[in-house]
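The values are calculated or read from the model by the stated rules, or taken from the named source; none is laboratory data. Keep in mind the model is a prediction, meaning the values are calculated, not measured. Heads up, the Cβs are rebuilt from the backbone with ideal geometry, glycines too, and the neighbour counts pull from every protein chain shown.
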Amino acid sequence: MTIVLVGNYAPDQQESMRRFGLALKAGYARHRIEVVEMTPGPLFRRGSWAESRFGKWLGYVDKYMIFPWRLRARLDALKREGKEVVLHICDHSNAIYLLFTHQVPSLVTCHDVLAITAAMGDYPLRPTQWSGRILQRAILAGLNRADHVVCVSQRTASSLRTLSLLGWDQISVIYGGWIHECAPASAEDCRSVRERYGLPERYLLHIGGNAWYKNRPGVIDIYAALLRRRPDAPPLVLAGKVPDAGMNEALQRNRDVFGPGGKDRPERIIYVTDFPDEILSALYTGAEALLFPSLEEGFGVPLTEALACGCPIVTSNRPPMSTVTGGNALLGNPDDFVEMAGLLEVLLDEPPEARRQRIAAGLDYFRHSLDGTGSVELYFELCRRLLHGWQAHPRPPAASEAGSASALAEERA
């Protein structure tokens, strides 16, 4: 069996999806499966054009006009070589490619449906532009063309069953908390990372991007509330994307704590960007706590990474955050900054023995409930079943899912 693994467009800098693809590739390799990696290349979005106002549209040309035909040609070539091929699209946002490829069985991993539901108007305070609505409609149409979709949480699976035309047996769940192999780091590794990035011995940690549902401005507001209650609180390490306008606005509205624009107290917040995967375990292990007040998530990978590394957690009291952590996190209302700050204080004041017990319970829960050791085996078995089912009953190429998706969107509106 040959698995064609479709990854994401590199200029989009989707690090979690990159790590997921690497984990899948390594897992399939353990089964001695031939893996053919394919990703859209930056043919048009390059050089000085990449950061121009046309960069996004040039990226669309690379992703949606050039790459589908490259993918189709590669699949045809593999079939002519007599290979038994399964197409695995690692990120549901690339399901649009299934509108161009129908010649092999297809599997898609769906990490969330937030962009699809936002395009349908489910988040009126987060309106989607017209181009985004068209794109999400096409992605949903592509998902409807998949032979099987694996969701990373029960919440995502439930939402997809409502949104899509897929049969009940075409959607399954394989938990998504195993993207990066995390484990408690040694004291030496933690010290090395602190020295490398100029971190203090004690710090609070947030890891994430700037998507609205990550609630990074809320992270600033919560930390500001903590500093008002506890001026000697450890610094906050923000690991991930470079701060955006929303975070700068949060710093400005908390200028009584951070100074104008946050510039008067640079020691309060430390930014760590463009870091390698290898330091993740040390970042988590060395932190006093992970602050993860997301408003929505498909799964919440940093939560499982923190559990695997022995890092106490303060997160939102909403699913999937509340369910993924399995009772091993302090839960609060992400819109109540004072409440969330109080939960951080609980962890900061926790006696050493109670902290050790909390960490041990989280590690035990991860090892028994979230460790992804068997996840690739589930994917492998699913690919094998899809291939055998396809050989018995090939799916016809024609479909009207795009029109059906449009009708569904109009009905929901």
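Within segment 149-170, work out how many residues are surrounded by 21 or more Cβ atoms within 10 Å (Cβ to Cβ) and either within 23 Å of Leu295 (Cα to Cα) or not polar (S, T, N, Q) (or both).
Qualifying residue count for the region: 8.
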List the number of the failed condition for Gly261; all other conditions in (1) at pLDDT below 90; (2) in a loop (DSSP other than H, G, I, E, B) hold. (2)
Filtered residue count, segment 76-90, keeping only those that are of a type outside the set (D, E, K, R) and either free of Cβ contacts under 8 Å to residues at least 24 places away in the same chain or out of contact with any strand residue (DSSP E or B) (no Cβ under 6 Å at 6 or more places or on another chain) (or both): 2
Take the residues of segment 186-236 that are under 30 Å from Ala118 (Cα atoms) and among the polar types (S, T, N, Q): which is nearest to the chain's Cα centre (by Cα)? Asn210
Specify the residue that is surrounded by the fewest Cβ atoms within 10 Å (Cβ to Cβ); the eligible residues are those in segment 316-330 that are of a type outside the set (S, T, N, Q) and either in contact with a strand residue (DSSP E or B) (Cβ under 8 Å, 6 or more places away or on another chain) or not assigned by TED's automatic domain parsing to the domain that holds Leu295 (or both). Leu330
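Among the listed residues Leu387, Leu363, identify the single one that is outside the structural domain of Leu290 (by TED's automatic domain parsing), more than 24 Å from Leu295 (Cβ to Cβ) and crowded, with 16+ Cβ neighbours inside 10 Å. Step through it out loud before you land on a result.
Numbers: Leu363 fails: outside the structural domain of Leu290 (by TED's automatic domain parsing).
Exactly one of Leu387, Leu363 is outside the structural domain of Leu290 (by TED's automatic domain parsing), more than 24 Å from Leu295 (Cβ to Cβ) and crowded, with 16+ Cβ neighbours inside 10 Å, namely Leu387.
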So the helices (runs of 4 or more DSSP H) completely within segment 113-165 holding 1 or more residues that are in contact (Cβ under 8 Å) with a residue 40 or more places away in the chain and over 19 Å from Glu297 (Cα atoms) are 130-145
Within segment 199-213, can you find the residues that are farther than 15 Å from Phe299 by Cα and either in the same structural domain as Val113 (by TED's automatic domain parsing) or assigned to a loop (DSSP other than H, G, I, E, B) (or both)? Leu199, Pro200, Glu201, Arg202, Tyr203, Asn210
Looking at Ser159, Ser172, Ser192 in this structure, which one is touching a His at 6+ places or on another chain (Cβ under 8 Å) and not acidic (Asp, Glu)? Ser172
Could you tell me which of the residues Arg194, Arg155 is in the same structural domain as Leu307 (by TED's automatic domain parsing) and not polar (S, T, N, Q)? Arg194
Would you mention how many residues in segment 217-252 are farther than 15 Å from Arg268 by Cβ, free of Cβ contacts under 8 Å to residues at least 40 places away in the same chain and of a type in the set (A, V, I, L, M)? 2
Given the structure, is Lys83 in a loop (DSSP other than H, G, I, E, B) and not polar (S, T, N, Q)? yes
Does Thr109 qualify as being assigned by TED's automatic domain parsing to the domain that holds Glu381 and within 22 Å of Gly298 (Cβ to Cβ)? yes
Considering Leu344, Leu307, which residue is crowded, with 23+ Cβ neighbours inside 10 Å, touching a Phe, Trp or Tyr at 6+ places or on another chain (Cβ under 6 Å) and assigned to a helix (DSSP H, G or I)? Leu307
